[in-house]
């Protein structure tokens, strides 16, 4: 049994048109009008495929294909939101490959013992509401529903109000549910598969991730008549922190990555000395202990810079996900399915967080990676060759079928 | 003859309520609804004082008090727009002291040979539309009317459309007009008067100012799975430039000041490596030659940083105002008027740009400074003691009366 390449390619094109950017990318940020349109399109396709669709309290969408009564489902899923000016593979590819698996089984009239569920998680990217993966986090009991509801975007709009506005504030409880397995296909977002000429990554786990938020308070003043000697420039301090955050990765070496992705200046005009700067720090490593060391270095760097510039600060270490190993049985099943496609594959870790990270706390979980051209993602140039996508989707099909069992 | 302290204080309070912030500051950004309300209030007060009010093509407001026929006016003025979360002295104080001078002359039934004109200039701050002082720049023929009309704010809205929207797109040509003199009272925005215990600054000229805009193009990518070795992070490069811009002031020493006040990151989310950063560079010095050297150092710093980080850039040196000396006769007149108040005063330069800078190209020009507490401005804590304001307003009154001549 093989997935239908043309149909899958067509659905990638169709969904990719909703929120498409002029340069071939995608802007379909969580709970915007574009996200609603993407969701509506997916729900219609799920119903076309005969799935029973439900929506939970966090706007997560589930489409169920029945199996034998009383058995927990094999869930396949990912997310349909994007970062601003992102690409049309990150997230939606996993959802569409899951849909294609179900369509393929329908065509073959193959019934499974365990039901199959297609899942679409809300606000995985964390581009609008933080933290990322907020909806699978609630489902896994790691984030309180109330906190998630009260998450605000930069305009102060609450997540729950946007869920309601776009019509995806569902009634089903967002709590752990019995699972045979959770499978997520996703683009690698790194360079390794392409560099090694492989089509499939069998993901053994997700690196540890730590997010911090730094707010620096300097003294806002006029850029002209204020002599250098009396300044307390929040941006000069923040800029030094940005350099030192990169220095932490250099000092620790190995696989650790450190990033300042978000930085906002107030009042942010050419002729005012910045009075306040807020910035994000993202640090990741396969080993939790490395992140502990990175945090100590970050604390010290911020303290030193602030003292020198005469500014005050708050440094919040507000989100931490430990190294998440995936289920050995599921990883082994995915590896067998990858091997069966005849394509090149390897075992690897994920450097990005995914809903699978939280789902691993609910049931046996594994992931399938497909290559990212030049290792690029979260950008309009994001690209995965169709040949690799087909191998990935067939791997997902094989693994789902083995875990669900033929009826 | 002396100005009326209570009346002046009341008008500072009244106008300061329009756009007031919770912390005692002011947000009345150019051509917003608040700016319109501030303008409407001022126009009403100008009419109350018997002035004939007109509005020109750039929304500059003029209120005329007649003198002998055919003689050019003594113009007093400043601006009524503020930076976001700015203070209630910058700009509006000069307008209100000019209004108070006219009210005082009215009360005393004093007629002058030369007419007196109260002027309110549009968008002096440059917080919303750039460059700063755009309307006096057009009046002086230094900026083309069409370019000013097409200036866009960060939401892409054109200046001319906002002028029309708030009802201040006037019909009078915005061109040089005959002037006996232009006088502008303003807060110092620096620490020197307060440090020396003086009430009045007799301003001899305005330092040279250079504005540049740097756009850095890196490679947007995912902050997780992208190894440090393949990154081209636009923010890491920009942060280094921020540090080097301060280094330029250190290297050149003396009175030079350098500031990065504006910095925006794209896509500006915690888990994406910044693909694009735009930032402003503001450099000022009494000597034009110092800014020439600063520019060479800036060019070199940006080139070096970009080469090291493997990013590309555009560096635009888009605005330059040379050192502007004020008129010797007018400065002398202001100094006599300051001395006559009995308050402490000194001659000094202005480190900030003012509409007076462009007006000096049209007619004999001078400025009166009053102290800024802690040297602070462009912030909610901006403060000038009322005693100093009274001395400044009386200086403006004395100078205007001497230049206009009693009828």
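Annotations for the structure displayed:
- Which listed residue, of B:236, B:265, B:245, B:241, is facing chain A (nearest Cβ under 7 Å), outside any strand (DSSP E or B) and touching a residue at least 12 places away in the same chain (Cβ under 8 Å): B:236
- Residue in the stretch B:250-257 that is more than 8 Å from every other protein chain (Cβ to nearest Cβ), out of contact with any helix residue (DSSP H, G or I) (no Cβ under 7 Å at 6 or more places or on another chain) and closer than 30 Å to residue A:352 by Cβ present: no
- For residue A:218, the conditions (1) within 11 Å of chain B (Cβ to nearest Cβ); (2) under 29 Å from residue A:297 (Cβ atoms); (3) under 20 Å from the mean Cα position of the chain (by Cα) all hold with the exception of (3).
- In the stretch A:221-233, the qualifying residues are those that are surrounded by fewer than 24 Cβ atoms within 10 Å (Cβ to Cβ) and not in a helix (DSSP H, G or I), and the one that is farthest from the other protein chains (Cβ to nearest Cβ) is A:232.
- Which listed residue, of A:162, A:125, is farther than 30 Å from residue A:386 by Cβ and in the same structural domain as residue A:378 (by TED's automatic domain parsing): A:162
- Enumeration of residues in the stretch A:51-84 that are under 15 Å from the mean Cα position of the chain (by Cα), outside any strand (DSSP E or B) and surrounded by 22 or more Cβ atoms within 10 Å (Cβ to Cβ): A:60, A:80, A:81, A:82, A:83
- Number of residues in the stretch B:359-392 that are more than 20 Å from residue A:227 (Cα to Cα) and either within 13 Å of chain A (Cβ to nearest Cβ) or at pLDDT below 95 (or both) equals 1.
- Of the candidates B:336, B:307, the single residue that is over 30 Å from residue B:273 (Cβ atoms) and out of contact with any strand residue (DSSP E or B) (no Cβ under 9 Å at 6 or more places or on another chain) is B:336.
Yes or no, residue by residue, for (1) at pLDDT below 95; (2) within 14 Å of chain B (Cβ to nearest Cβ); (3) part of a strand (DSSP E or B); (4) in contact with a helix residue (DSSP H, G or I) (Cβ under 9 Å, 6 or more places away or on another chain):
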| residue | (1), (2), (3), (4) |
| --- | --- |
| A:160 | no, no, no, yes |
| A:164 | no, no, no, no |
| A:168 | no, no, no, yes |
| A:175 | no, no, no, yes |
| A:179 | no, no, no, yes |
| A:184 | no, no, yes, yes |
| A:198 | no, no, no, yes |
| A:203 | no, yes, yes, yes |
| A:213 | no, yes, yes, no |
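- Meets criteria (within 21 Å of residue B:82 (Cβ to Cβ) and part of a helix (DSSP H, G or I)) for residue B:126: no
- Matching residues, the stretch B:268-289, being at the interface with chain A (Cβ under 10 Å from one of its Cβ atoms), touching a residue at least 24 places away in the same chain (Cβ under 8 Å) and either part of a loop (DSSP other than H, G, I, E, B) or under 30 Å from residue A:153 (Cβ atoms) (or both): B:270, B:271, B:272, B:273, B:274, B:275, B:276, B:277, B:279, B:280
- The residue list A:26, A:31 contains one member that is in contact with a strand residue (DSSP E or B) (Cβ under 8 Å, 6 or more places away or on another chain), buried (at least 23 other Cβ atoms within 10 Å of the Cβ) and in the same structural domain as residue A:153 (by TED's automatic domain parsing), which is A:26.
- Any hit, the stretch B:97-109, residues being assigned to a loop (DSSP other than H, G, I, E, B), farther than 21 Å from residue B:175 by Cα and over 24 Å from the mean Cα position of the chain (by Cα): yes
- Boolean, residue B:209 is modelled with pLDDT under 95, touching a helix residue (DSSP H, G or I) at 6+ places or on another chain (Cβ under 9 Å), within 14 Å of chain A (Cβ to nearest Cβ) and within 27 Å of residue B:260 (Cβ to Cβ): yes
- Test result for residue A:45, in the same structural domain as residue A:383 (by TED's automatic domain parsing) and either surrounded by fewer than 16 Cβ atoms within 10 Å (Cβ to Cβ) or within 17 Å of residue A:162 (Cα to Cα) (or both): no
- Test set (1) assigned by TED's automatic domain parsing to the domain that holds residue A:54; (2) surrounded by 24 or more Cβ atoms within 10 Å (Cβ to Cβ); (3) free of Cβ contacts under 8 Å to residues at least 12 places away in the same chain - residue A:157 fails condition number: (2)
- Boolean, residue A:105 is under 17 Å from residue A:183 (Cα atoms), touching a strand residue (DSSP E or B) at 6+ places or on another chain (Cβ under 8 Å) and crowded, with 23+ Cβ neighbours inside 10 Å: no
- Check on residue A:190, in contact with a helix residue (DSSP H, G or I) (Cβ under 7 Å, 6 or more places away or on another chain), within 30 Å of residue A:337 (Cβ to Cβ), within 14 Å of chain B (Cβ to nearest Cβ) and part of a loop (DSSP other than H, G, I, E, B): yes
The values are calculated or read from the model by the stated rules, or taken from the named source; none is laboratory data. Model, not experiment: these values are computed from the prediction. Glycine also receives a Cβ, built like all others from the backbone with ideal geometry; neighbour counts cover every protein chain displayed.
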